[in-house]
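The values are calculated or read from the model by the stated rules, or taken from the named source; none is laboratory data. Bear in mind the structure is a predicted one, so any value in this text is a computation, not a measurement. When we count neighbours, we look across all protein chains shown, and the Cβ atoms used for this are built from the backbone with ideal geometry, even at glycine. Calculation scope for accessible area: heavy atoms of the full protein, side chains included, ligands and nucleic acids excluded. Shrake-Rupley method; radii C 1.70, N 1.55, O 1.52, S 1.80 Å.
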Amino acid sequence: MSDRILITGGAGFVGSHLAVRLVQEGYRVRVLDNLTEQVHGQAGWPGYLPDSVERIQGDIRNFNQVKEALHGVDAVFHFAAAVGVGQSMYQIDHYTDVNNRGTAVLLEVLIKQPVKKLVVASSMSVYGEGCYLDGEGNMYSPAERSSEMLRARQWELHHEQQELHPVPTPESKTPSPSSVYALSKYDQERLSLMIGAAYNIPTTALRFFNIYGPYQSLSNPYTGVLAIFSSRFLNGKAPVIFEDGRQRRDFVSVHDISQACLLTLESNKADGEVFNIGSGENYSINEIAAKVAEALACENLSPLVTGECRVGDIRHCFADIEKAKTLLDYRPRVSLEDGMSELAQWLQDQPADDRVEIMRSELSSRGLSL
Ligand code: UD1
């Protein structure tokens with residue numbers, strides 16, 4: 001009999017892709033999800049989950065529901081979380097409750113019902129600012145930008161009056177979470193690795209970079225920038241670019257995320273480890289806006305560079321994926337061009353509910369955008 005895998009948050013963007021992939025690989029898959037409205041609207045279970053996937057609607061903070069979900073399970077992917085950096089800065093109680101306490105509940109149940117493998121979804125956000133080289137070519141990890149710097153529209157980071165040059169960030173960088181969301185992700189990974197080690201549950205934390213792909217929530221105003229720009233274009237509106245658009249990120253296809261998850265599940269070199277999972281490439285937000293415009297044939301809508309910024313946003317962070325390549329044999333396979341054309345194709349049939357203005361006004365009314 002093949003292994004049974006539980007995916008918490010398995011109706012979400014990343015979890016549902018993994019469910020499809022695991023079924024293709026012959027695993028039996030169960031998902032636990034609360035079908036939260038901000039992500040799923042009134043739609044309920046996503047139609048693209050294979051019929052064979054067992055579905056439990058429940059909350060990661062509910063002991064009995066988690067117990068039921070873990071019954072007869074061999075391995076767990078823990079993806080259930082509230083996701084949204086900006087929103088986490090005012091829904092502090094909610095984010096801490098779902099992400100930190102939810103993980104605590106899962107771990108307490110796992111102590112009684114252990115599994116062969118636990119994989120927890122962490123995030124590049126735990127790093128805060130990425131790694132940089134200083135004027136002499138030495139590695140330097142700067143502190144977060146101050147609000148004075150942001151108010152003065154001084155976007156780039158400096159050390160001893162010299163501008164720093166961003167380089168790929170390895171797992172060895174000391175974490176410096178700059179939002180409640182980031183702190184909760186760091187808490188999730190530490191808690192899981194700690195309890196995993198104490199109770200001999202092989203555990204791995206994957207630090208995902210900026211994930212994109214089909215089924216990404218378009219209605220969630222706190223979703224990733226690629227989905228946000230796409231819904232703007234599909235609504236005939238120009239995307240809004242924060243800062244000067246030269247900030248850089250690593251955009252990784254959701255299919256490569258599934259690949260990394262599968263490799264982690266099947267490898268014993270991953271136990272007790274933390275891995276960056278990205279594409280290994282980096283692009284500026286201006287470049288991304290141009291690529292989305294091209295993919296959706298919306299080049300006539302020039303992006304609006306507002307010069308505003310979100311409190312807690314980092315300037316540059318992109319992945320050093322050498323560790324995942326070496327230990328997991330992870331190889332990103334989807335180029336940004338191919339990934340974007342897949343996204344564009346899926347988007348053609350999507351009702352794009354553009355809620356960017358809601359996010360902007362929510363953040364600005366709370367003083368969380370400058
Ligand atoms: C954050 C988290 C990441 C999480 C992701 C999606 C950090 C450091 N990282 O990434 O873990 O997976 O959110 O929830 O906290 N931007 C615009 N216009 C927009 C929206 C965004 O210019 O309409 C800019 C942002 O200012 C930022 C960049 O695009 O510079 C990327 O933003 P976003 O997609 O929200 O992701 P991150 O903040 O990088």
#### Entry: Single residue of the stretch 134-145 satisfying the filter (open to solvent by 40 Å² or more (accessible area, probe 1.4 Å) and either among the aromatic types (F, W, Y) or assigned to a loop (DSSP other than H, G, I, E, B) (or both)) that is nearest to Q87 (Cα to Cα)
E144
### Task
Identify all residues within the stretch 203-219 that are touching a helix residue (DSSP H, G or I) at 6+ places or on another chain (Cβ under 7 Å) and assigned to a loop (DSSP other than H, G, I, E, B); write none if there are none.
F209, G213, P214, Y215, Q216, S217, L218
### Top-ranked residue of the stretch 302-321 - restricted to ones that are more than 30 Å from E171 (Cβ to Cβ) and open to solvent by 40 Å² or more (accessible area, probe 1.4 Å), ranked as farthest from the ligand (Cβ to nearest atom)
S302
### Task
May I ask you to list the residues in the stretch 221-252 that are surrounded by fewer than 24 Cβ atoms within 10 Å (Cβ to Cβ), more than 12 Å from the chain's Cα centre (by Cα) and assigned to a loop (DSSP other than H, G, I, E, B)?
P221, N235, G236, K237, A238, F242, E243, D244, G245, R246, Q247
#### Entry: the stretch 187-216, residues that are open to solvent by 20 Å² or more (accessible area, probe 1.4 Å) and touching a residue at least 40 places away in the same chain (Cβ under 8 Å)
D187, L191, L193, I195, A197, Y199, N200, P202, N210, I211, Y215
### Task
Only residues that are in a loop (DSSP other than H, G, I, E, B) and buried (at least 19 other Cβ atoms within 10 Å of the Cβ): list them for the stretch 253-272, please.
A270
#### Entry: Any chance A43 is surrounded by fewer than 17 Cβ atoms within 10 Å (Cβ to Cβ), part of a loop (DSSP other than H, G, I, E, B) and not aromatic (F, W, Y)
yes
### Message
For the stretch 281-300, give me each residue that is open to solvent by 40 Å² or more (accessible area, probe 1.4 Å) and either within 23 Å of P170 (Cβ to Cβ) or within 14 Å of the ligand (Cβ to nearest atom) (or both).
### Response
E281, N282, Y283, N286, E287, A290, K291
### Task
Select from the stretch 318-350 the residues that are of a type in the set (G, A, S) and under 14 Å from G213 (Cα atoms) and list them in ascending order.
S335, G339, S341, A344
### Query
What are the residues in the stretch 304-330 that are of a type in the set (A, V, I, L, M) and either at pLDDT 95 or above or assigned to a strand (DSSP E or B) (or both), if any?
L304, V305, A319, I321, A324, L327, L328
### Query
Name the pairs whose Cβ atoms lie under 7 Å apart, with the first residue in the stretch 171-186 and in a loop (DSSP other than H, G, I, E, B), the second of a type in the set (S, T, Y) and open to solvent by less than 50 Å² (accessible area, probe 1.4 Å), and 6 or more positions between them or separate chains?
K173/Y127; P175/Y127; S176/Y127; P177/S125; S179/S88; S179/S125
### Query
For the stretch 147-189, which residues satisfy the criterion of being closer than 27 Å to A82 by Cβ and polar (S, T, N, Q)?
S147, T169, T174, S176, S178, S179, S184, Q188
### Message
Condition (residue is of a type in the set (S, T, Y) and in contact with a strand residue (DSSP E or B) (Cβ under 6 Å, 6 or more places away or on another chain)) applied to the stretch 204-215: is it met by at least one residue?
### Response
yes
### Task
Return a yes/no flag: does the stretch 158-175 have any residue that is within 16 Å of the ligand (Cβ to nearest atom), surrounded by fewer than 15 Cβ atoms within 10 Å (Cβ to Cβ) and within 24 Å of V311 (Cβ to Cβ).
yes
### Query
Restricting attention to the stretch 192-212, does a residue exist that is of a type in the set (V, I, T), under 19 Å from S122 (Cβ atoms) and near the ligand (Cβ under 9 Å from one of its atoms)?
yes
### Query
Considering D74, D59, which residue is closer than 23 Å to D97 by Cα, surrounded by fewer than 21 Cβ atoms within 10 Å (Cβ to Cβ) and not hydroxyl-bearing (S, T, Y)?
D59
### Query
If you scan the stretch 82-133, which residues turn out to be open to solvent by less than 30 Å² (accessible area, probe 1.4 Å) and in a loop (DSSP other than H, G, I, E, B)?
A82, G84, V115, G128, E129, G130
### Which numbered condition M149 misses (of (1) assigned to a helix (DSSP H, G or I); (2) within 12 Å of the ligand (Cβ to nearest atom))
(2)
### Query
Which members of the stretch 322-337 meet the condition of being under 25 Å from E129 (Cβ atoms) and either crowded, with 16+ Cβ neighbours inside 10 Å or aliphatic (A, V, I, L, M) (or both)?
K323, A324, Y330, P332, L336
